[in-house]
Structure formats: structure tokens, C-alpha cells
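Colleague: Right, I'll just put the structure down here and ask away after.
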Amino acid sequence: MITSKFISFEDAKAVLLYPEIFQRISEDGCTADDLAEGPDDLFIGTFEHQKLIGAWWLSALSSTTLDVHAHILPEFRRFKYLSWRQCLSLIQEELPGIHKLQARIPLCFPEVYHFAKINGMVDEGLEKESKVIGGEFRDQWLVGNTVAAMAKTEEVRNG
């Protein structure tokens with residue numbers, strides 16, 4: 001059974017420090033010691049039974065907007081849509097003041113961009129050369145939408 005709940009940064013680190021995930025979320029030259037939570041960051045863990053299989057990192061951009069990023073262990077990515085539905089539900093239920101979600105996605109990760117778009121995020125812009133990955137400055141897609149619009153996308157997609 002797949003479930004999701006709010007977890008601590010310390011618990012989320014089990015997923016965030018997984019080598020493939022850490023390589024994708026950190027800029028060149030970063031180490032595990034550089035990984036730190038911000039003062040307003042929240043984390044939602046997705047579990048298969050009692051095993052943590054994913055973590056959503058939510059960073060407050062304002063009192064009504066969160067920057068959201070999914071981190072699902074590779075062998076459990078078949079649950080990514082269920083994990084998203086549960087994350088969105090928790091945001092709606094536990095954070096009613098949150099109106100909008102957005103994400104910045106490096107262009108070198110088109111599968112993440114596709115996932116965001118399927119889940120109701122829309123293009124909001126392009127941040128030029130805003131992240132260093134593989135020794136190169138990379139552009140990032142800026143995508144986002146209101147919580148209500150993404151919930152409607154979920155309703156349509158799931159009948």
C-alpha cells in the first residue's frame with residue numbers, strides 16, 4: 001500500500017542522498033554536507049508500507065506559493081503519479097493557504113518537465129543559465145499553476 005505524510009528533513013535525506021537523486025538535485029561541486037533545508041521548507045514522504053520510497057521537497061516562495069520537487073527512488077517510479085496525487089491532497093488538506101505551486105526544471109531533464117506538464121503545470125518562463133550541471137550553465141523551465149487547476153487536472157485524468 002502506498003501512503004504519504006509530512007516528514008522531517010532528516011527523514012527525507014534517505015531519499016535525497018540516494019546517489020542518482022543527489023547527482024540530479026545538486027549543482028557541480030556540492031557534497032552531502034551542503035544539502036540543507038531552508039527555514040520554511042516542508043517535506044512529504046511517500047511510503048510503500050513502512051519503506052520511504054520518495055520525498056517531495058516544498059520550499060516557500062511566498063505565503064501562498066510553494067516551489068515543489070519530486071524525488072522518487074528509481075525502482076519505485078511506477079508510483080510517481082499516485083505519489084503526486086497524495087502530495088497534492090496533503091497540500092490541499094494541511095496547507096489551505098497555499099494557492100500556487102511551481103517548479104524549476106533544468107532542460108537536461110525533459111522527463112521531469114513532461115511529468116510536471118501531465119500533472120497540470122503550465123509554462124511560465126525560462127530561467128537562462130541558472131544552474132550549473134556537468135560543468136555547464138543550464139537553462140531551467142519555470143512551470144507552475146494554481147492548486148485548484150492542478151486538482152482539476154487530476155479529476156479529469158482520473159475520471
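The values are calculated or read from the model by the stated rules, or taken from the named source; none is laboratory data. Everything numeric in this text was worked out from a predicted model, so none of it was measured. Cβ placement follows ideal geometry from the backbone for every residue including glycine, while neighbour counts extend to all protein chains displayed. The area values use the complete protein model at the heavy-atom level, side chains included, leaving out ligands, DNA and RNA. Shrake-Rupley method; radii C 1.70, N 1.55, O 1.52, S 1.80 Å.
Colleague: Would you point out which residue out of L126, L101 is open to solvent by less than 40 Å² (accessible area, probe 1.4 Å) and not in a loop (DSSP other than H, G, I, E, B)?
Modeller: Matching residue, one of L126, L101: L101.
Colleague: Any idea how many residues of segment 14-31 are part of a helix (DSSP H, G or I) and open to solvent by 50 Å² or more (accessible area, probe 1.4 Å)?
Modeller: Selection size over segment 14-31: 5.
Colleague: Related question: Hey, any hits in segment 133-156 for a residue that's out of contact with any helix residue (DSSP H, G or I) (no Cβ under 7 Å at 6 or more places or on another chain), open to solvent by 40 Å² or more (accessible area, probe 1.4 Å), in a helix (DSSP H, G or I) and among the hydrophobic types (A, V, I, L, M, F, W, C)?
Modeller: yes
Colleague: Further question on the same structure: Among the residues of segment 62-83, write down those that are under 13 Å from the mean Cα position of the chain (by Cα) and either part of a strand (DSSP E or B) or of a type outside the set (K, R) (or both).
Modeller: Selection gives L66, D67, V68, H69, A70, H71, I72, L73, Y81, S83.
Colleague: Here's another thing I want to ask about it. Give me the pairs: first residue in segment 113-134 and in contact (Cβ under 8 Å) with a residue 24 or more places away in the chain, second residue open to solvent by less than 50 Å² (accessible area, probe 1.4 Å) and among the hydroxyl-bearing types (S, T, Y), beta-carbon distance under 7 Å, and six or more apart or on different chains, which are they?
Modeller: Taking only residues 6 or more apart or on different chains, the pairs are N119/T153; G120/T153.
Colleague: Quick check: is even one residue across segment 37-49 open to solvent by less than 60 Å² (accessible area, probe 1.4 Å) and touching a Cys at 6+ places or on another chain (Cβ under 8 Å)?
Modeller: yes
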